[in-house]
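J.: The structure follows.
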Amino acid sequence: MKQTLLHTKKLHYKSLKGYEQLLLMLVPGILYYIIFHYVPIYGIIIAFKNFSFRRGFLGSPWVGLAHFRLMFDNPSFYEVFGNTLVLGLLKLVIGFPIPILFAILINEIRFTKIKKTVQTVSYLPHFLSWIVLGGMFFQIFSIYGPINEIIRFFGGEPIRFMTEPKPFRIVLVSTYVWKSMGWNSIVYLAAITGISPELYEAAMIDGANRFQRMWRITLPSLTPVITVMLILAAGQIIKDDFDQIFNLYNPAVYETADVISTYVYRQGLEMMNYSYAAAVDLFKNIIALVFVFGTNRVAKSMNEYGIW
Amino acid sequence: MHVRKIGLFDIINTAIMLGILIIMLYPMLNVLSVSFSGVTKLGLGLLPQSFTLKNYQIVFNNKALWIGFSNTLVRVGLGVFSTLIITLLMAYPLSKKALPFKKVITFFVVFTMFFNGGLIPNYIVVRSLGLIDSRLALILPRLVDTFALIVMRNFLMTIPDSLEEAAKIDGASYFTILFKIIVPISIPIIATVVLWTAVWHWNSWFDAMIYIQSQSKQVLQLILRRIVIEGTASAMSLSMDDANTVANPDMIKATTIIVSTLPIVCSYPFLQKYFVKGIIVGSVKE
């Protein structure tokens, strides 16, 4: 076995013979990646230029770090950057544990019909666009909507969720949890199904109750999955959800809701400050990359589970 | 054997689940109820107030919505077909252990999951290619989804080589092997990728917003956005007469949401298992 492996390895360095067809198959895909991924990556140079369509990526004049200086001198950049971090952290702290809890509880449901129904219904929002959900939640959070109806019932003052900066954060975080909770629980449910029933049986013989079994067996068995998902989620903190925010926000709540991606969109495609917007986006992408690698490192140093 | 006794825990847990069920369903049922209401619905109830079908009559008469429907169907069809072909053509060679340059190409592909040019350079590339107001601008930039590609490749790697050997001896080309032998046994993963791509195209709107200018090419989600989010009266195609009788555009918005979401909601329960299978395959560490 080992010998044949070595043998093939030697062969494939010598020639591509026998692989021409397979390599040919890759051509359209590779062209796609070059044109729609690597040319734009190369196009990042416009962050250091004054881009105009007339002159193109190459011909536009260099301006060095001018756009980055502009960015760091601009108070609205700090506001947007702060909003991105605050919303990202809120979504992580609140949105991350909920699917885990949900998966553990669903797994404990004994009535198959309820279990299946809850699962099916909770996955559904994942397939609906934020435009559809936006329409739904405008009504839910409106001043005469159901949420304010409940607040009034308990004697509270109605809240202008969609037009006041602070309450709008509640809208963003709760609708995010609503949309993603079910779908994000799938991975954990799959992992729970993989736990050996013998572990539970042994625990039961030892007299462990339901909570002890969940706490001592289910949760520890999920640690590897949780670690990987946490790394991925932490890497996403700075990658705000454009679709959600763009379809829900309005100028009245920019103070808390305007994030990097919406800012880049408005600066770049509405005001046509192409280079400035590209600089802001580049800054975000580099931080996102550092986040992903950083969290992966931390996870690896704590235990052996990393994503690569 | 588990002891099958229903305890306090089961009761509380079931109650929590039912609570979640209500929270998940309420916003959707609320929209449904509003769409059948003749007057502005107040209160928490889910029954339509002054039941009417007038809203549906108005929405069905909205030509823009039907144009959007057909454009989205074209987009989904073309998008799914092209994505599937190109993804298969890439995943198959990359699933071969001894493929030359395999590592380099895999890195070349996976790198794009972690770093990209960002919105502005992507827009500039599409515009420079002359794709503004072309349907291709909605398909080419997302021709291959790297995640789907990796999932597909991982699946193909599990197919034993022995299946192909007989065909190879008979002199079949790799193209023949891929489409005659590999594709038929990969139907589950193909279904998953097809559905992912279809839902992605169905729900996409941002690319249409920045690339498509002609009304005749506009997709459903964007027309929905004009009505529901921007609340443009002309997009709702309200005639003067309608505008007077319809007390509140909320009802038209709700009805439009229902009409344009029904296809997904109706097909979803039957297709759900393929999506779930896909996410589980995809989450398995390579």
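Bear in mind these aren't lab numbers, they're just calculated from the coordinates by the rules spelled out. Because the structure is predicted, anything quoted here is derived from the model rather than measured. Don't worry about glycine lacking a Cβ; one is built from the backbone with ideal geometry, like all the others, and counts go over all protein chains shown.
J.: Give me the Å³ per residue figure for the convex hull around the C-alpha atoms of segment B:96-181.
T.: Spelled out: Cα convex hull of segment B:96-181, divided by residues, is 143 Å³.
J.: I've got another one for you. Which whole DSSP H helices in chain B pass both tests: a Cα extent of 27 Å or more along the axis and a mean Kyte-Doolittle value no lower than 0.5?
T.: Membrane-span-like by this rule: B:8-35, B:63-94, B:249-283.
J.: Averaged across the residues of A:116-129, what count of C-beta atoms belonging to other chains lies within 10 Å of each residue's C-beta?
T.: Values: counts 0, 4, 7, 3, 5, 8, 6, 7, 8, 3, 4, 12, 9, 12.
The per-residue average across the peptide is 6.
J.: At q = 0.08 Å⁻¹, what base-10 log of I(q)/I(0) does the Debye formula yield for chain B when every alpha carbon is treated as an equal point scatterer in vacuo?
T.: Log10 of I(q)/I(0), two decimals: -0.52.
J.: OK, next. Using Stokes-Einstein with the Kirkwood hydrodynamic radius over Cα pairs, what translational diffusion coefficient do you get for segment B:1-52 at 10 °C and a viscosity of 1.306 mPa s, in µm²/s rounded to a whole number?
T.: 119 µm²/s
J.: Mind checking the mean number of beta-carbon atoms from other chains within 10 Å of the Cβ atoms in B:16-25? Working shown, then result.
T.: Working: counts 6, 12, 3, 0, 9, 5, 1, 6, 11, 4.
Whole-number average of other-chain Cβ neighbours for B:16-25 is 6.
J.: Could you order peptides B:266-273, A:205-212 by the average number of other Cβ atoms within 10 Å of their residues, highest first?
T.: For the peptides B:266-273, A:205-212, the packing ranking is B:266-273, A:205-212.
J.: Over all directions, the average projected area of the alpha-carbon convex hull for segment B:47-163 comes to how many nm²?
T.: Over all viewing directions, segment B:47-163 projects a mean Cα-hull area of 13.1 nm².
J.: Once amide H atoms are built 1.01 Å from N in the peptide plane, which residues 5 or more positions from A:K49, or in another chain, come under 5 Å H to H?
T.: Counting only residues 5 or more places away or on other chains, the set is A:V63.
J.: Counting Lys +1, Arg +1, Asp -1, Glu -1, what net charge surrounds A:Q21 among other residues with beta carbon under 13 Å of its beta carbon?
T.: +1
J.: Relative contact order for chain A: what is it in percent, counting Cα pairs under 8 Å that are at least 6 residues apart?
T.: Value for chain A: 25 percent.
J.: Ok, one more. What is the Cα radius of gyration of segment B:1-115 over 2.2 N^0.38 Å, N being its residue count?
T.: 1.95
J.: So how long is each side of segment A:75-302 along the principal axes, counting just the alpha-carbon atoms, biggest first, in Å?
T.: Extents along the principal axes, in whole Å: 67, 50, 29.
J.: Over all pairs of distinct alpha carbons, what does the Kirkwood formula give as the hydrodynamic radius of segment A:173-301, in Å?
T.: In segment A:173-301 this quantity evaluates to 18.1 Å.
J.: Oh, and also: Less than 15 Å Cβ to Cβ from A:V177, Lys/Arg counted +1 and Asp/Glu -1: what total charge do the surrounding residues give?
T.: +2
J.: Express the relative contact order of chain B as a whole percentage, based on alpha carbon pairs under 8 Å and six or more residues apart in sequence.
T.: Reported relative contact order: 31 percent.
J.: Right, here's the next one. Mean projection of the alpha-carbon convex hull of the protein assembly as shown over all orientations, in nm²?
T.: It is 32.9 nm².
J.: Counting pairs of Cα atoms in segment A:171-239, how many percent are more than 15 Å apart? Don't skip to the end; give the middle numbers.
T.: On the way: 1498 of 2346 pairs.
The share of Cα pairs beyond 15 Å in segment A:171-239 comes to 64 percent.
J.: Kindly write out, for segment A:132-147 in residue order, the coupling ³J(HN,Hα) from the Karplus curve 6.51 cos²θ - 1.76 cosθ + 1.60 (θ = phi - 60°), rounded to whole Hz, with x marking Gly and Pro.
T.: 4, 5, x, x, 5, 7, 4, 6, 4, 9, 5, 5, 9, x, x, 5
J.: Quickly rank A:113-123, A:69-79 as a protection proxy: mean count of other C-beta atoms within 10 Å, highest first.
T.: Peptide ranking by packing, descending: A:113-123, A:69-79.
J.: Per residue of B:169-182, how many C-beta atoms from partner chains lie within 10 Å of its own C-beta, taken as a mean?
T.: Across B:169-182, the average partner-chain Cβ count within 10 Å equals 1.
J.: Applying the Karplus parametrisation 6.51 cos²θ - 1.76 cosθ + 1.60 with θ = phi - 60° to the phi angles of segment A:71-78, what ³J(HN,Hα) value in whole Hz is obtained for each residue in order, glycine and proline being reported as x?
T.: My calculation for segment A:71-78 gives 4, 6, 8, 9, x, 5, 5, 5 Hz in order.
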